[in-house]
Every structure is written in C-alpha cells, then in structure tokens.
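These notes are about the structure you will find just below.
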Amino acid sequence: MSKSRPAPKNALSSALIKVVESSTKKGDLKKAKIIEASVACLAKHGIEKASFEKIGKEAKMTRAHVNYYFKEKPDLLQATLEFVLVNAQEMTTKKLEKVQKSEDLLKALNEVTFEWVETFPQHVAVLALLNYYCIVDKKFKNFNTTARETARMRLVEILKIHRPEMKLIELKKLAFAVHAIMAGYILESSTTKLLSPISKLKNECYSNIQIMLENA
C-alpha cells in the first residue's frame with residue numbers, strides 16, 4: 001500500500017476552499033492567507049484594533065494587498081466568519097459520519113462541539129465577536145440566524161431518533177433548547193476563568209441534555 005503524500009505547503013483547507021472558491025488560483029491563495037490572518041488578528045486584538053495593517057503584517061503582505069481583495073472591513077469579517085462556520089460544520093460532519101449507531105449521534109455531536117473549542121480557540125473568539133456584531137449590524141444578524149437555523153435543523157434530525165413520537169414543532173423547540181445549552185457551555189468555557197477542564201464541561205453539558213430529553 002502506497003503512503004499518502006504530504007499536503008503541499010500552499011494547500012488550503014476544504015473550508016477555506018469553499019470560502020475563496022478555488023485553490024488553483026494564485027489570488028485565491030492570497031485571499032486565504034488574509035482570511036487566516038484575520039482570524040488570528042481578531043482573536044488577538046478584537047474587531048476595532050484588527051486593522052488592515054495588522055492583518056497584512058500577520059499575512060506577510062502589505063495593507064494594499066489586503067485592501068485589494070477586501071474593499072471594506074465588514075467584507076473581510078464576513079469571509080472570516082464564513083470560514084470559521086464552514087470549518088466547524090465540516091469538523092462536525094466528519095465526526096458524525098464515523099458514528100456506528102444512530103443513538104450515539106447526539107453524544108458525538110456534543111463531543112465534537114468541545115473538540116472544536118479545544119482545537120480552534122481562535123475560531124471560538126471570532127464567533128464570540130459575531131454575537132457583538134449581530135447587535136449593531138442587521139446583515140450579520142441575518143447571517144447568524146441562518147447559521148444557527150442550519151445547526152438546529154441538524155439537531156432536529158438527531159433528536160427524532162430519541163423522541164420519535166414528537167411533532168416537528170416540538171422537536172424544533174427541543175433543538176433550540178439543546179443548542180442553547182451547548183452554546184452556553186462554550187461561552188462559559190471561553191469567556192470566564194472556570195476551573196473545570198473542558199472534558200468535565202463536556203460531560204456536564206451532555207448530562208444536562210439527557211435530563212432535558214427525559215423531561216421533554
């Protein structure tokens with residue numbers, strides 16, 4: 001059996017490919033570098049201080065290069081958020097595809113949520129910034145609404161396995177509540193000085209979800 005080749009140095013993640021459209025163009029590689037640099041700068045400096053100059057420095061290019069691909073800061077922010085969300089969705093899909101028993105899907109979803117928190121702490125920070133922007137910009141509120149609805153519809157399909165007797169409207173309400181529990185634990189683990197390790201929070205989160213399912 002032949003060994004798989006290492007990924008080329010300039011290879012884009014599949015999540016980045018979806019955001020920048022193609023991995024074959026030189027311009028797309030630069031655009032991808034800018035988006036990755038944007039993630040790092042937003043996580044380090046926040047929205048206001050993550051200037052095109054700092055993002056360019058992080059990407060090892062000039063401010064003019066950044067401005068060439070992204071005319072306005074909100075354009076770059078949206079591309080950055082799309083990358084973060086697509087990356088999280090792909091990580092989740094890969095995890096769920098490996099599950100053998102359908103009744104284990106909910107547990108796997110909970111596990112991959114916390115694996116994402118541990119693996120991509122900068123992405124978590126960027127997603128937290130999205131919540132702020134949603135308050136002040138309707139475009140981002142619409143963007144976030146679509147993303148959350150997509151996540152909750154995935155939950156609806158998984159919850160059908162546990163509560164097949166429930167009507168769709170009831171499953172949607174339950175999915176909303178389960179999603180809120182997960183989001184709450186992520187927010188707590190990322191924005192407070194909790195002494196509990198991620199593994200304990202993951203178990204507590206799933207335990208609370210199970211209690212909710214039993215009482216729904």
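Bear in mind that the values in this text are calculations on the coordinates, not laboratory data. Predicted model, so just to flag it, every value in this text is computed and none were measured. Cβ sites come from the backbone with ideal geometry, for glycine too, and all protein chains shown count toward neighbours.
Label positions at Glu204 and Glu53, each projected 7 Å from the Cα along the C-beta direction, are separated by 4.3 nm. Labels on offer are (1) 14.8; (2) 12.5; (3) 17.3, and the one holding mean projected area of the Cα convex hull in nm² computed from this structure is (1).
Quick one: compute the contact order of the chain, relative version, from alpha carbon pairs under 8 angstrom and 6+ residues apart, as a percent.
The normalised contact order for the chain reaches 17 percent.
When +1 charges are put on Lys and Arg Cβ atoms and -1 charges on Asp and Glu Cβ atoms, the dipole computed for the chain relative to its Cα centre reaches about 740 debye. Straight-line reach from Lys49: taking Cα to Cα under 14 Å and skipping same-chain neighbours fewer than 8 places apart, the aspartates and glutamates in range are Glu58. In order along region 64-81, the Karplus-derived 3J(HN,Hα) couplings, from 6.51 cos²θ - 1.76 cosθ + 1.60 at θ = phi - 60°, round to 4, 5, 4, 5, 5, 8, 9, 5, 10, 4, x, 5, 5, 4, 5, 5, 5, 5 Hz, and Gly and Pro are given as x.
The Asp104 and Thr192 beta-carbon pair, evaluated with R₀ = 25 Å, returns a calculated FRET efficiency of approximately 0.25. Helical content alone sets the calculated 222 nm signal of the chain at -26000 deg cm²/dmol, taking -39,500 (n - 2.57) per DSSP H segment of four or more residues and averaging over every residue. Of the GluC sites (Glu not before Pro) found in region 81-186, those in coil by DSSP whose Cβ has at most 14 other Cβ atoms within 10 Å are Glu165. Name the lysines eligible as straight-distance cross-link partners of Lys94: C-alpha to C-alpha under 17 Å, and not fewer than 8 places from it in the same chain. Of all the lysines, those that pass the test against Lys94 - Cα under 17 Å, at least 8 places apart if same chain - are Lys18, Lys107.
Can you spot the lysines whose alpha carbon is less than 18 Å from Lys44's alpha carbon? Ignore those fewer than 8 places along the same chain. Candidates past the 8-residue exclusion: Lys33, Lys54, Lys57, Lys60, Lys73, Lys193.
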